[in-house]
Amino acid sequence: MDTGLRRYDGWVRAALTIIFINIMGIQFLSMTLQCPKAMGSARLTLLRPVKRGYMVKKLFLFGFLFAVLVGCATDYQPIGTDSTGGYYQSKITDDHYIVGFSANAFTYSSRAYDFAVLHAAELGNKLGFKYYIIEGQRDESRLNTFNTGSASTINSTSYDGVTQETVNTTSNSMTALYPGFALSVRYYDTQPSNRKGQASFIPNEISKLKAKYGLN
């Protein structure tokens with residue numbers, strides 16, 4: 001391949017890379033709208049026109065932004081603290097509660113379930129109980145679809161000196177899982193003799209789950 005063709009091939013590859021980076025930028029930006037923590041990072045350079053010297057920086061930014069988005073998982077907090085979700089409870093009787101945790105799309109289902117269990121244990125401890133049994137659970141996860149923008153392509157055809165252009169527009173969307181669980185929890189002052197294998201010791205459960213997620 002001669003020098004001219006090599007240079008042409010290099011520019012084609014560069015152009016395709018720039019197009020890909022900007023499309024991915026739009027996708028990432030749409031996700032940051034779901035996470036206030038990432039908005040500041042997204043505003044930095046994501047939508048700036050790409051120059052040849054910025055390509056490596058933009059790729060680095062996407063990696064950084066991805067890490068920020070992972071950090072947007074719902075914290076262990078009461079629901080209503082912010083828009084990401086949290087734990088809640090509803091009293092049935094003095095020793096019977098419905099306890100749950102609702103999370104955002106950046107949260108693993110296992111994390112959401114563990115936080116529901118942790119709140120069940122902490123609630124029992126606050127009420128003065130030593131043991132609890134999860135008698136039932138309901139998966140309250142939901143799927144949400146949101147628009148991530150559209151892309152247009154222009155196809156040109158020429159015949160007898162007449163050029164005709166066709167514009168094709170494709171809408172893009174993303175479907176995200178928002179995990180959530182509700183637990184039916186029964187509390188006990190002492191270990192129930194007829195359900196020894198099912199009852200969990202509240203202090204042990206609190207210590208185990210807080211250590212797992214680095215909570216104080």
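Points to keep in mind about this one:
- Selection within segment 132-165 - over 33 Å from the mean Cα position of the chain (by Cα) and assigned to a strand (DSSP E or B): 154, 155, 156, 157, 158, 159, 162, 163, 164, 165
- Tallying residues that are under 18 Å from residue 130 (Cα atoms) and either surrounded by fewer than 18 Cβ atoms within 10 Å (Cβ to Cβ) or of a type in the set (Ser, Thr, Tyr) (or both) within segment 163-198 yields 13.
- Residue match in segment 55-71 (condition: surrounded by fewer than 20 Cβ atoms within 10 Å (Cβ to Cβ), in a loop (DSSP other than H, G, I, E, B) and at pLDDT below 95): yes
- Segment 193-211, residues that are at pLDDT 95 or above and either farther than 19 Å from residue 119 by Cβ or in contact with a helix residue (DSSP H, G or I) (Cβ under 8 Å, 6 or more places away or on another chain) (or both): 200, 202, 203, 205, 206, 209, 210
- One residue stands out in segment 145-162 among those that are β-branched (Val, Ile, Thr) and under 30 Å from residue 177 (Cβ atoms): the one that is surrounded by the fewest Cβ atoms within 10 Å (Cβ to Cβ), namely 145.
- Taken together, the residues in segment 199-216 that are outside any helix (DSSP H, G or I) and either under 17 Å from residue 129 (Cα atoms) or touching a Leu at 6+ places or on another chain (Cβ under 6 Å) (or both) amount to 3.
- Among the residues making up segment 170-194, a single one is more than 21 Å from residue 138 (Cβ to Cβ) and of a type in the set (D, E, K, R): 189.
- Residue list for segment 166-192, restricted to those being more than 24 Å from residue 113 (Cβ to Cβ) and within 37 Å of the chain's Cα centre (by Cα): 167, 168, 169, 170, 171, 172, 173
- Selection of segment 164-178 for residues being modelled with pLDDT of 80 or more and among the hydrophobic types (A, V, I, L, M, F, W, C) yields 174, 176, 177.
- Boolean, residue 190 is touching a residue at least 60 places away in the same chain (Cβ under 8 Å), over 15 Å from residue 86 (Cβ atoms), in a loop (DSSP other than H, G, I, E, B) and in contact with a strand residue (DSSP E or B) (Cβ under 8 Å, 6 or more places away or on another chain): yes
- In segment 82-129, the residues that are of a type in the set (D, E, K, R) and buried (at least 16 other Cβ atoms within 10 Å of the Cβ): 111, 114, 122
The values are calculated or read from the model by the stated rules, or taken from the named source; none is laboratory data. Note that the structure is a prediction, hence the values are computed from the model and not measured. Reconstructed Cβ throughout: ideal geometry from the backbone, glycine too, with neighbour counts over all protein chains shown.
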